[in-house]
Structure formats: structure tokens, C-alpha cells
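Encoded as C-alpha cells, the structure appears first; notes follow it.
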Ligand SMILES: [Zn+2]
């Protein structure tokens, strides 16, 4: 009954979009405000592509067929290295420590997996102009992938956007609009999206629900690659830098899918590292759809919102959350650099998080840990504050 896989078209295995909270299955669509029922109830939650079944996974070439929109771009996203760091493992008293390094992606971050997936969706539904609210990696990534696909792109940003990112976005031919505040960026994207002019890659809903579900779908590939690269020594614990938890959720969902397909019997715990307490406050009893003020120079992670994605991912993978200090993250950035990896400060928080989880005895001596490093450090300006 189901047709063959066609790259650039929805997967024949895609059965709809399922709310990650109430579990209701909706027809295939974008749902920028998440599940309509949960939005009406005042407890917003994203929807995610739902699959009637999952195909086999014998190698990297099979990963494209696990996506809502099967395929890959011409820019070469994904298949990033898993790097052993035995000296750092010994320093932390661990059996094994590895880094899944997303910096080798085409524009230097994990956002390329999202952009590639989003472009396939956008082309299928005839979108002409993509939009992203970003002051960094997401904007540069979407600008590149839009250029490669021949689509228009608007990056709505704030005045403090880094010079390297601004130059890359401009050279890719994307339009930059500077909004007076992070919140104003979302208002602008919302207005143009509602008029049907822009197709958004990132969240603009308040309370937040996470990025475009077809973009988040692309992040599941990190879990699939980790599975293929570590079949003989699978990780027991994975640590992920977290803002609105697209990445955390994508990795957790990828592992859940591997379990559903019978490929993984024991799930790794997937932990969140955040720059100041947000998810931590929610787990201590606050509503996840509140406002969480905090200051951090880690721009890629410094939002004031929590999404239900974060809660779902931590429950799904029995993970913990830690909020290392900026000083601890700075020290971790140096430690990774001394091991040969110059990473964005927002990525180094994963190693700072490991330190905190060791101190709390959440991660034990016999653990095999993977840190997700999201971006290299070359694009980052010196901190302003
Ligand atoms: Zn729902």
C-alpha cells in the first residue's frame, strides 16, 4: 500500500504529526504553535513526525530514510566524527569519554542537520522564502542551505550579532533584519508567517514550543550516527548543551526510535547542561511555560524560555539537568582546546556539565560518556560582558 521512498517527498512511513505531550495524532502539517489541543489548554507542546514503522539501519546510507523527508543536501551535512579523549577521560576518572563533534558540518554547527531537513519540507510545499530568528549558528546555517537550494532567506537578528556570522549571512545572499530585542524578533517572524510570506525555521510562539518540527526531525540523525559508530561500546550517558532543547529532544527521540526498531535494548541517559537554572526550576516544580530570567554570555543558549521538549526528553531518557557556572564552562573550553578541540563556549558547557554530574555522582566511574559539541569556536566574538 505504501509507495517507495522518494527523496524530497514525505516518507511513505510518515503517518502524521503526533503531539509529544497529549499524544494526539494530527495530519501532516507544520503546527507553528505546536499541538492545537495543548495550545488551547495553555500547556503548549510541539508535534513531531510519527512513523508507522521504521526501516532497517545497516549503515550511514540508511539514515536518510529514517527522516520525515528522506534525503540529504548537496552540502554534506552529518556523518560527523566521534572522537575518543582518553586523557580527559582519565582526568575525570571515567572508563571512556568521547565527543560527537558537530563542528565539521558545512557551516560549522549541528544546525545544518536542521536546515537540510527544513529545506526539503519547504521545497515540497512550494515555499519561496525561509525565515529564522537567530543571532548566530542557525542564521548562518539557514542562509547557506537556502542559497544552495535557490530559496530566499530572512535572518531576523539583534544588533549584537557577531561580525563573522553577519558577513557569512550577507555573502550567502540572505536578508538581515535587525530587531530591537530577542522578543521583537519573534513578533516579526510571527507577523510575516501569519501573512504567508515567510516559512519559519525557528520558534516564534510564546510560550515557546521549539523549532519547526521538520527541522527538529533532522537532529534525530545524531543518535542514529552514534548508534552506528558505537555498536561495540555504546554510551551509557550523553550530555547535551540546552536552550529550548531541540537538540536534546532530537537525540532522545532518535534513541527512542532505535529502541522501537529493536536495535537498542538499553537506552543511554541523556543529560541537559544549561547556562543558568531554567529546566532545573521546572523540575523543582515551576510551570515549564513560564519566563526564566538569567544572564549568560553563552549566546547560543541564553534564552528565557523552557519548552515541553526538554521535559519530554529528560523523562524519555532518564536524564538529569545541570547548570554549570560561566567560569566552569570557560575552564572546560580550555580543557577541550588542550585536547585539540577549539569549541564554541556554548558547546564547552557539556564538559562543564560532566564535571558537575560527576560531583553529584549521577555519572559513575564505569560510565562511557559522549559529549555533544555543537559548534567550533572560530565564529565566536570575544564576550562582550
Ligand atoms: Zn497535545
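When 36, 44 are screened for being within 15 Å of the ligand (Cβ to nearest atom), outside the structural domain of residue 308 (by TED's automatic domain parsing), within 26 Å of residue 201 (Cα to Cα) and within 22 Å of the chain's Cα centre (by Cα), only 44 passes.
Within the stretch 63-80, the presence of at least one residue that is modelled with pLDDT under 95, outside any loop (DSSP other than H, G, I, E, B) and either within 16 Å of the ligand (Cβ to nearest atom) or surrounded by 16 or more Cβ atoms within 10 Å (Cβ to Cβ) (or both) is confirmed.
Just one of the listed residues (291, 271) is part of a loop (DSSP other than H, G, I, E, B) and either farther than 16 Å from residue 113 by Cβ or touching a residue at least 40 places away in the same chain (Cβ under 8 Å) (or both), namely 291. Considering each residue of the stretch 187-199 in turn, at least one proves to be more than 20 Å from the chain's Cα centre (by Cα), without any contact (Cβ under 8 Å) to a residue 60 or more places away in the chain and outside any helix (DSSP H, G or I).
Table: residues versus (1) crowded, with 21+ Cβ neighbours inside 10 Å; (2) part of a loop (DSSP other than H, G, I, E, B).
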| site | (1), (2) |
| --- | --- |
| 340 | no, yes |
| 348 | yes, no |
| 352 | yes, no |
| 363 | yes, yes |
| 371 | yes, no |
| 378 | no, yes |
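Of the set (1) assigned by TED's automatic domain parsing to the domain that holds residue 315; (2) modelled with pLDDT of 95 or more; (3) part of a loop (DSSP other than H, G, I, E, B), all apply to residue 239 but (3). Applying a threshold of 7 Å to beta carbon distances and a minimum spacing of six or more residues, or different chains, the list of pairs starting in the stretch 13-30 at a residue that is touching a residue at least 40 places away in the same chain (Cβ under 8 Å) and under 14 Å from residue 308 (Cα atoms) and ending at one that is within 14 Å of the ligand (Cβ to nearest atom) and in a loop (DSSP other than H, G, I, E, B) reads 20/45; 20/46; 21/35; 21/43; 21/45. For the stretch 145-154, the set of residues classified as in a helix (DSSP H, G or I) and surrounded by 24 or more Cβ atoms within 10 Å (Cβ to Cβ) consists of 145, 146, listed by residue number.
Only one entry in 300, 296 is surrounded by 19 or more Cβ atoms within 10 Å (Cβ to Cβ) and part of a loop (DSSP other than H, G, I, E, B), namely 296. Being in contact with a strand residue (DSSP E or B) (Cβ under 9 Å, 6 or more places away or on another chain), at pLDDT 95 or above and either surrounded by fewer than 24 Cβ atoms within 10 Å (Cβ to Cβ) or on the phi > 0 side of the Ramachandran plot (or both) is a description that applies to residue 260. Just to verify a result, which residue in the stretch 7-33, among those that are within 9 Å of the ligand (Cβ to nearest atom), touching a helix residue (DSSP H, G or I) at 6+ places or on another chain (Cβ under 9 Å) and assigned to a loop (DSSP other than H, G, I, E, B), is nearest to residue 201 (Cα to Cα)? Out of the qualifying residues, it is 20.
The values are calculated or read from the model by the stated rules, or taken from the named source; none is laboratory data. Small disclaimer: the values here were computed from a predicted structure and weren't measured. For neighbour counting, all protein chains shown are included, and Cβ atoms are generated from backbone atoms with ideal geometry for every residue, glycine included.
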